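Written out below as structure tokens is the structure these notes cover.
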Amino acid sequence: MVKEREHMEEPVEIPLTDEVHVEPQVPVLEAHNLYHIYGSNQEDGNVVALRGLSVSIGEGEVVAVVGPSGSGKSTLLKAFGGLMKPSAGSVFLNGRNMTRITGQELVSLRQETVSFIFQEGNLLPDLNALDNVAQPLRHAGVRAREARRRAMEMLESLGIEDRARSLPATLSGGEAQRVAIGRALITDPKIILADEPTGALDPISGRRIIDLFRQLNEERGVAFLIVTHSKEISTFANRALELRDGRFIAQHGNDVDDGDLASTRELLIDDTGTMSLPPDVLATLGGPGRFDINDLSRDGISMERVLSERITVEGNVEMILAPACPACGYIYGESTEEECPSCGSSRPMVASS
Ligand SMILES: Nc1ncnc2c1ncn2[C@@H]1O[C@H](COP(=O)(O)OP(=O)(O)O)[C@@H](O)[C@H]1O
Ligand SMILES: [Mg+2]
């Protein structure tokens, strides 16, 4: 691509009178085709937690991630924030490929760009609230006195300055989460990655945290990626992404109810052409199978189930379900399962020999 450009003629500069040149916005966070496999020594084998996941989050955007337990939400958050290196794929933070850098460079990029808020356990138990908030600044090389001064300002802006000298164990859940927000914000991040941040709070404390997120987003333009089951968070988000089995399968508008995803769903097709159907949609279709395309246009596709058991392709080769999983080698035997019980890969059709 770059080479081609070098051979192109210099573009003629046309002076613009009253138009301002706007740089194309670099996404705050971009993930391409992420895979993550957790190795295991046990018999149940490896767990594929992310399977080709891609996403792009713009400056100041608020994105909710919804999905059942085990769908890969926490794993994707850790991969996005550089807490864990994905098995494959790349993550760009502020336009820089985080999966390609290591050591101090990676530490600095993370410090300047991203902060985490987990459901609980965000605070260091031996440090009081003030020092918990000051600590990320100390890590970034700020002197103790200055770090404490800024941490105190942060606690004041969060309305918990009177708890500055308290240890985490003596704080209420809502207070602890506000200190965690202070800790997350003190480095002035472009994006906050939050994993069920209100999950351990009572509804009132939860609502206050959400109000705080909203305020931070509106006043400071902080982007958010929030894993959540809370309808209120989804309402505040610009969009919600539905995660299943390590892939985003659908997108929803900003008023999604976790319990009723079906009514607001837009199905996603990724850049490899793959579309994963939500389980309820698959069930309505009558399960896995093969389909004829009846009608295809730029904006739509209509399909009809092929009812015969086997298909014949050119040259009269019979296609059958693969006897073994191409990913992990699992032997299907007599089973007609279409998803590998060992690694979860879908079972392809192969030519019978
Ligand atoms: N450290 C780990 N080692 C092995 N498997 C893991 C580990 N962490 C998560 N998993 C597995 O990866 C899958 C996704 O987990 P996770 O990202 O925690 O999902 P969620 O946050 O949506 O509940 C699950 O099947 C889970 O059991
Ligand atoms: Mg989780």
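Bear in mind that the values in this text are calculations on the coordinates, not laboratory data. Because the structure is predicted, anything quoted here is derived from the model rather than measured. Methodologically, a virtual Cβ is constructed for each residue, glycine included, from the backbone with ideal geometry; neighbour enumeration extends over all protein chains shown.
Quick notes
- Prolate is the label for the stretch 177-315. Its Cα gyration tensor axes, ordered a ≥ b ≥ c, give a/c of at least 1.5 and a/b above b/c.
- By the beta-carbon count within 10 Å of each Cβ, the least crowded to most crowded order of 345, 230, fewest first, is 345, 230.
- A straight chain from residue 238 to residue 218 at 0.36 nm per residue would run longer than the Cα-Cα distance by 6.0 nm.
- Taking Cα atoms only, the orientation of helix 144-157 departs from the longest principal axis of the chain by about 70 degrees.
- Seen against the Cα atoms of the chain and their longest principal axis, helix 103-113 is set at about 80 degrees.
- Of 296, 351, 155, farthest towards positive along the dipole that unit charges on Lys, Arg, Asp, Glu beta carbons give the chain: 155
- Placing unit charges on the Cβ atoms only, positive for Lys and Arg and negative for Asp and Glu, gives the chain a dipole magnitude near 1460 debye about its Cα centre.
- Column: log10 I(q)/I(0), Debye, Cα scatterers of the stretch 29-267, q = 0.09, 0.12, 0.17 Å⁻¹: -0.38, -0.69, -1.30
- Separation of the residue 336 and residue 138 label points, Cα + 7 Å toward Cβ, nm: 6.5
- Put in line by how crowded their Cβ is, counting other Cβ atoms within 10 Å and starting with the fewest, 36, 229, 139 read 139, 229, 36.
- Measuring r between the beta carbons of residue 150 and residue 104 and using R0 = 30 Å, the FRET efficiency lands at 0.85.
- Within the stretch 242-277: backbone nitrogen closer than 18 Å to the residue 306 label point (7 Å, Cα to C-beta): 275
- At R0 = 41 Å, FRET efficiency that the Cβ-Cβ distance of residue 229 and residue 322 yields, to 0.05: 0.65
- Separation of the stretch 112-139 from the stretch 172-197 is 8 Å, based on Cα centroids.
- The stretch between residue 352 and residue 290 holds 20.6 nm of extra length on full extension. This uses 0.36 nm per residue minus the Cα-Cα distance.
- Rounded to 0.05, the FRET efficiency of the residue 165 and residue 90 pair, given R0 = 56 Å and the Cβ-Cβ distance, is 0.80.
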